[in-house]
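The values are calculated or read from the model by the stated rules, or taken from the named source; none is laboratory data. Bear in mind that the values here come from a model prediction, so they are computed numbers and not experimental data. Methodologically, a virtual Cβ is constructed for each residue, glycine included, from the backbone with ideal geometry; neighbour enumeration extends over all protein chains shown. The protein model used for the area step is the full one, side chains on, heavy atoms only, and it has no ligands, DNA or RNA in it. Shrake-Rupley method; radii C 1.70, N 1.55, O 1.52, S 1.80 Å.
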Amino acid sequence: MDNPNKKQCRENDGVDIISNLPEEIKENILGRLPTDEAVRTSVLSSQWRTTWMSVPELLFVCPITHLVENENEVLKINSRFNKLVDKALSMHNGAIRKVTLSISAGSCNCLDQWMQILANNGIQDLCIKNQQMDQKYTLPLSFYTCHSLIYVHLHGCIFEQLPPAFSGFRVLHTLYLKDFHASDDDLLRLIRSCPSLEKLHLKWLTGVQTICVNAPRLRVLTIKNCYFTQIDLDTPSLEYAWFNLNRFSSVASQANTVTKTFGCLSRIKELHIHGLFLKFIGDKFTSTCNGLEILNLRMDIRDKKEITAVLRILKSSPMLKELTIKIHCDSDLRNNNTDVWNSQQNISLNHLEFAEIKNFDESEPAYAILKLLISSAPVLKNIYIKGSSGGPQALDRILEKLSQTEG
């Protein structure tokens with residue numbers, strides 16, 4: 001008796017099952033390919049000839065040319081790429097929802113025309129990645145006419161000056177700026193012109209002295225390794241924030257010049273502060289974090305400014321449930337400021353259930369932190385200590401030291 005599966009296979013012999021898939025499934029398949037490969041599928045059969053022309057998601061990646069020594073070859077590579085994008089955009093006959101453009105210097109002159117086409121097609125999701133590491137790309141005026149944008153990712157670009165007639169991106173939900181250059185006024189105006197903005201990511205931002213974020217609906221904010229001297233946040237709906245500044249970057253020298261830090265953080269639930277940001281905050285932290293449940297810190301436990309900032313945050317976070325502190329030491333070991341930790345008698349962590357201390361070095365400040373957590377958190381269930389050497393012997397030393405300090 002024939003196996004039913006084998007019988008079905010014989011009946012399907014000679015039938016192009018993939019080509020007979022519904023158009024929306026074929027478009028989904030092609031949307032996951034670089035557009036040049038999607039275009040090549042037009043030679044498969046008459047059923048595939050025009051499928052790529054209605055794919056709503058396009059991905060253009062220019063070959064990396066900075067390692068190519070022959071200048072004529074570089075020009076040929078850029079020319080082929082520009083012709084591909086021109087052809088794909090001009091022949092496309094459907095809605096274009098999402099476009100990723102990874103470009104080189106040879107494509108910059110064409111981008112204005114491409115952006116105009118995308119604006120006319122109601123582009124919603126746009127990612128531009130400039131491959132030129134030594135030169136940022138100035139956004140064309142047509143970029144500011146893409147009023148349907150919901151998601152924007154710009155890497156290696158520059159706002160030379162926002163057009164006076166720019167009315168904003170009214171439905172923009174997410175803005176990601178990386179290795180970006182802008183002035184204070186342009187950044188402020190851009191953010192204010194996005195009333196629906198809920199997620200903002202700034203990384204390696206230059207040209208800005210004051211990072212001013214006025215976004216009433218913003219829920220997620222990350223600021224990493226930006227060059228600035230002042231932060232001013234007006235973000236009453238903020239729920240998640242990550243602030244990081246590399247201690248070894250050239251921005252480190254600005255640590256003492258920050259004049260303003262956080263505004264309202266009443267709704268924040270999860271907060272990460274790494275690098276020099278704690279030094280920036282120092283004794284300027286005055287926010288109330290009544291909703292904060294998760295706090296993750298990377299700090300120098302001997303630096304008085306950072307200690308002061310951490311203590312202020314802990315005092316203002318009555319609902320804190322999870323706390324992680326990663327220890328590192330930049331300060332002079334002879335001045336460990338243990339007395340600042342030991343002097344805290346009015347911190348109540350009544351909801352803290354989980355705590356983790358990384359790089360625990362068995363120093364006096366490290367024990368002072370551990371003692372503070374144990375004495376201030378009556379419902380603490382788990383505390384993890386990582387970084388000590390010696391296995392069980394280290395644990396015995398820690399417990400013995402704690403008993404001595406309590407005594």
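Using the Cβ-Cβ distance between Ser183 and Asp339 with R0 = 56 Å, the FRET efficiency computed as 1/(1 + (r/R0)^6) comes to roughly 0.80. Toward the positive end of the charge dipole of the stretch 128-227, with +1 on the Cβ of Lys and Arg and -1 on the Cβ of Asp and Glu, the farthest Cα among Pro216, Leu154, Phe166 is that of Pro216.
Where does the charge balance sit around Glu362 when Lys and Arg score +1, Asp and Glu -1, over other residues with C-beta under 10 Å from its C-beta? Before the final figure, lay out each step's value.
Numbers: positive: Arg397, Lys401; negative: Asp361, Glu364.
Value of the local net charge: 0.
Relative to the Cα centre, the charge distribution of the stretch 90-209, modelled as +1 at Lys and Arg Cβ and -1 at Asp and Glu Cβ, gives a dipole magnitude of about 340 debye.
For the stretch 262-384, take N as its residue count and report Rg(C-alpha) divided by 2.2 N^0.38 Å.
Rg over 2.2 N^0.38 Å, computed on Cα atoms: 0.97.
Counting only lysines at least 8 places from Lys358 when in the same chain, those with an alpha carbon closer than 16 Å to its own are Lys326, Lys371, Lys386. Counting Lys and Arg as +1 and Asp and Glu as -1 over every other residue whose Cβ lies under 11 Å from the Cβ of Asn382, the net charge comes to -2.
Could you order Thr324, Thr138 by accessible surface area, starting with the largest, using a probe radius of 1.4 Å?
Working: Thr324 20, Thr138 55 Å².
Sorted by accessible area, descending: Thr138, Thr324.
Largest first, what is the accessible-area ranking of Val61, Val208 with a 1.4 Å probe? Please list the in-between numbers first.
On the way: Val61 85, Val208 0 Å².
The residues order as Val61, Val208, largest area first.
Only protein heavy atoms count here; on that basis, with a 1.4 Å probe, Ile150 has an accessible area of about 70 Å². Quick one: check the C-alpha center-to-center distance for the stretch 143-192 versus the stretch 74-120, whole angstrom. Using only Cα atoms to place each centre, the spacing works out to 20 Å. Positive contributions from Lys and Arg (+1) and negative ones from Asp and Glu (-1), summed over other residues with Cβ under 13 Å from the Cβ of Gln124, come out at +1. Taking all protein chains together and a 1.4 Å probe, the residues Tyr367, Tyr176 rank Tyr176, Tyr367 from largest to smallest accessible area.
Working from label points 7 Å from Cα in the Cα-to-Cβ sense, the Glu356 to Val379 distance is 2.1 nm.
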